[in-house]
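Enquirer: Let me give you the structure first, and then I'll get to my questions.
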Amino acid sequence: MSRTIPVPEVYIIWHPKCDVAGRLAPDIYNWLRPGNGLGPQVFYRSLKAPDGAESLPVPIPGEGRGNGGYPSLRRGANVQILILLIDCHLIADPAWRMWLQNISRYHSGFRRIFIPVALDPTAYNIPAPIRDLNFLRPTGLERVGEMRGGYAFQSALAPVSRSLLKQLTETLCRFMIGGTVDDSTMTKLSADEGMNPGQKKLKVFLSHAKADGTSPARRIRDYIYSQTQLAAFFDENDIAYASAFAKVLEQDLNADETAAFIAVRSSRYASRPWCRRELATFRRPRPEASNRTERWKLYPTLVVDSMDSREHTPGIPEFGNSTLLRWDEGGSEQEEQIVTTVLRDVMLSAFHSALGASMAPPSDHIVINWAPDPTSLLQIPRIRDVKEELHVVYPGRGMSYLELGILSEFFPRITFHSFEEYNS
């Protein structure tokens, strides 16, 4: 049986009378599609189909209703993820309940995964087999109550959205890292079924300059161990006394389970040789197995800027296109934001690797899973020593004219193509 890593397309499904779901759906979309065509394809299913006799939305691929809607998944995808935002309106609508029950039992010909979200206690009355799954349960819904519209409603939904995105990100990240897709026609229901039971915990490497204190790194480490199923590398805990310091760092930075790097950028970070060595080691592209086309992957780096307004520091080119978040020592929810963001970036990195693996460009192409920058590209031997025309294919819809102009000055013999350009 053929088994490949998942390349999902995502559907967000909710009843049109559910105001809460209608506000949460754009948050999910924007989170999974952070801009410039990055991330999986995401579609809404809520409003009634224009020519539908019932109150049901436009068919999803492979559901078997009417003409079946789209007969198959979009190009490159091999698994369908359905995020169900379930509330009392959906439960009270017999047509919607029957529709979801039919979808959950229909053999679509490709992998289909359901992620049910309980927006109120009635959600657990959804028919089997969806009812038997482990629901996501965002916190803070009790404060929303009967509010409708206005600033108070939106303000009350903010913690609900953060909680839902945190749970959803962890679920999708686990699936993208540990999941596989087989060539059977059986419909699968649980995202956790895609996990490898023997898989090690994902690890986040925390890099910081001790000369500037350890508060941000310690707080992030404590959050990881108390609020997530991740592990963290923190040198005070994970390097034994009298051990070979450099060897331990090298092993952990290059370990497969080390899926992300968080750099706490303080005023002296750039001047600390070990910090720079950690960053440079992790930001080194790694080759991926391929029968024909050369493929490279780069795990995500997130920068936490902990400097105050009076400090200054030199720039660090190794940061490249890394995501940057500002640290506030008095902030109460920033650890969650930092960890959830880096998990989202891990999920996107895995998705773009999988999507790149589904392409079959000729041998004069190189496929990468990150937005290209000179510092990272120069570490790929074939690019650094290019002697003939070469093509680089990268995620998203494409870079700006300014960015492409800068890259062309560094690499005049290389042409850059976005995934969307290549697939069009």
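Enquirer: Residue 302's amide H: which non-local residues (gap 5+, or another chain) put their own amide H closer than 5 Å, with H modeled 1.01 Å from N in plane and none for Pro or chain starts?
Expert: The list, which skips near neighbours in sequence, is 261, 262, 263.
Enquirer: What list of ³J(HN,Hα) values in whole Hz, one per residue of the range 121-134 in order, does the Karplus curve 6.51 cos²θ - 1.76 cosθ + 1.60 (θ = phi - 60°) give from phi, with Gly and Pro shown as x?
Expert: x, 5, 4, 6, 8, 4, x, 5, x, 4, 4, 7, 7, 8
Enquirer: Amide H of residue 418 versus every other amide H placed in the peptide plane: which residues, excluding those fewer than 5 positions away on the same chain, fall under 5 Å?
Expert: Here 394 satisfy the definition.
Enquirer: What is the spin-label model distance, in nm, from residue 134 to residue 391 if the labels are put 7 Å beyond Cα along the C-beta direction?
Expert: 4.3 nm
Enquirer: On a 1.4 Å probe surface of the protein chains, which of 274, 14 comes out largest in accessible area, and what is the full order?
Expert: Highest to lowest solvent-accessible surface, that is 274, 14.
Enquirer: Could you go through the range 308-323 in sequence order and give the Karplus-derived ³J(HN,Hα) for each residue, using 6.51 cos²θ - 1.76 cosθ + 1.60 with θ = phi - 60°, rounded to whole Hz, and x for Gly and Pro?
Expert: So the Karplus estimates, Gly and Pro as x, are 8, 5, 8, 9, 9, 7, x, x, 10, x, 5, 5, x, 9, 5, 5 Hz.
Enquirer: Which distance in nm do the two modelled labels at residue 120 and residue 375 give, with both placed 7 Å along the Cα-to-Cβ direction?
Expert: 5.1 nm
Enquirer: Starting from the Cα-Cα distance between residue 312 and residue 384, subtract it from 0.36 nm times their residue separation and give me the gain in nm to one decimal. Could the numbers behind the result be given before it?
Expert: On the way: separation 72, 0.36 × 72 = 25.92 nm, distance 3.23 nm.
Stretched fully, the residue 312-residue 384 segment lengthens by 22.7 nm.
Enquirer: Grab the Cα-Cα distance for residue 105 and residue 324, subtract it from 0.36 nm times how many residues apart they are, and report the gain in nm with one decimal.
Expert: Values: separation 219, 0.36 × 219 = 78.84 nm, distance 4.34 nm.
Contour length minus the Cα-Cα distance gives 74.5 nm.
Enquirer: Something else now. Just flag the trypsin sites (Lys or Arg not before Pro) in the range 306-396 sitting in loop per DSSP whose Cβ has no more than 14 other Cβ atoms within 10 Å. Spell out each step's value before the answer.
Expert: On the way: sites: 310, 326, 344, 382, 384, 387; in loops: 310, 387.
Sites meeting the loop and neighbour criteria: 310, 387.
Enquirer: Could you compute the FRET efficiency for residue 363 and residue 92, with r as their C-beta to C-beta distance and R0 at 51 Å, rounded to 0.05? Kindly include the intermediate steps, with their values, before the conclusion.
Expert: Numbers: r = 58 Å, r/R0 = 1.13.
After rounding to 0.05, the efficiency reads 0.30.
Enquirer: How about the range 325-424: which GluC sites (Glu not before Pro) there lie in a loop by DSSP and see at most 16 other Cβ atoms within 10 Å? Please report the intermediate quantities before stating the final value.
Expert: Working: sites: 329, 333, 335, 336, 388, 389, 403, 409, 420, 421; in loops: 329, 333, 388, 389.
The qualifying sites are 329, 333, 388, 389.
Enquirer: Given H placed 1.01 Å from N in the peptide plane, which residues other than close sequence neighbours of residue 41 have an amide H under 5 Å from its amide H?
Expert: Close amide H contacts, sequence-distant or interchain: 10.
Enquirer: Give me the distance in nm between label points sitting 7 Å out from Cα along the Cα-to-Cβ direction at residue 332 and residue 423, one decimal.
Expert: For the pair residue 332/residue 423, the computed spacing is 4.2 nm.
Enquirer: Hey, with R₀ at 25 Å, roughly what FRET efficiency would residue 415 and residue 292 work out to, going by the Cβ-Cβ distance, to 0.05?
Expert: Numbers: r = 19 Å, r/R0 = 0.75.
Efficiency, from the Cβ-Cβ distance: 0.85.
Enquirer: How many Å² of accessible area per residue for the range 345-424, probe 1.4 Å? Provide the component values of the computation, followed by the final result.
Expert: Values: 3630 Å² over 80 residues.
That works out to 45 Å² for each residue.
Enquirer: Determine ³J(HN,Hα), in whole Hz, for all residues of the range 358-371 in sequence, where each value follows from phi through the Karplus function 6.51 cos²θ - 1.76 cosθ + 1.60 and θ = phi - 60°; x replaces Gly and Pro.
Expert: Each residue's phi maps through the Karplus curve to give 7, 8, 9, x, x, 5, 8, 10, 10, 10, 10, 10, 9, 5 Hz.
Enquirer: By how many nm would the segment from residue 222 to residue 74 lengthen if fully extended, with 0.36 nm per residue of separation less the alpha-carbon distance?
Expert: Numbers: separation 148, 0.36 × 148 = 53.28 nm, distance 4.09 nm.
Computed gain between residue 222 and residue 74 is 49.2 nm.
Enquirer: Ignoring ligands, DNA and RNA, what percent of the 1.4 Å accessible area of the range 278-424 is carbon and sulfur?
Expert: Working: 3520 of 6930 Å².
Carbon with sulfur: 51 percent of the solvent-accessible area.
The values are calculated or read from the model by the stated rules, or taken from the named source; none is laboratory data. All figures in this text were calculated on a predicted structure; none of them were measured in a lab. Glycine also receives a Cβ, built like all others from the backbone with ideal geometry; neighbour counts cover every protein chain displayed. These accessible areas exclude ligands, DNA and RNA; they are computed on the full protein's heavy atoms, side chains included. Shrake-Rupley method; radii C 1.70, N 1.55, O 1.52, S 1.80 Å.
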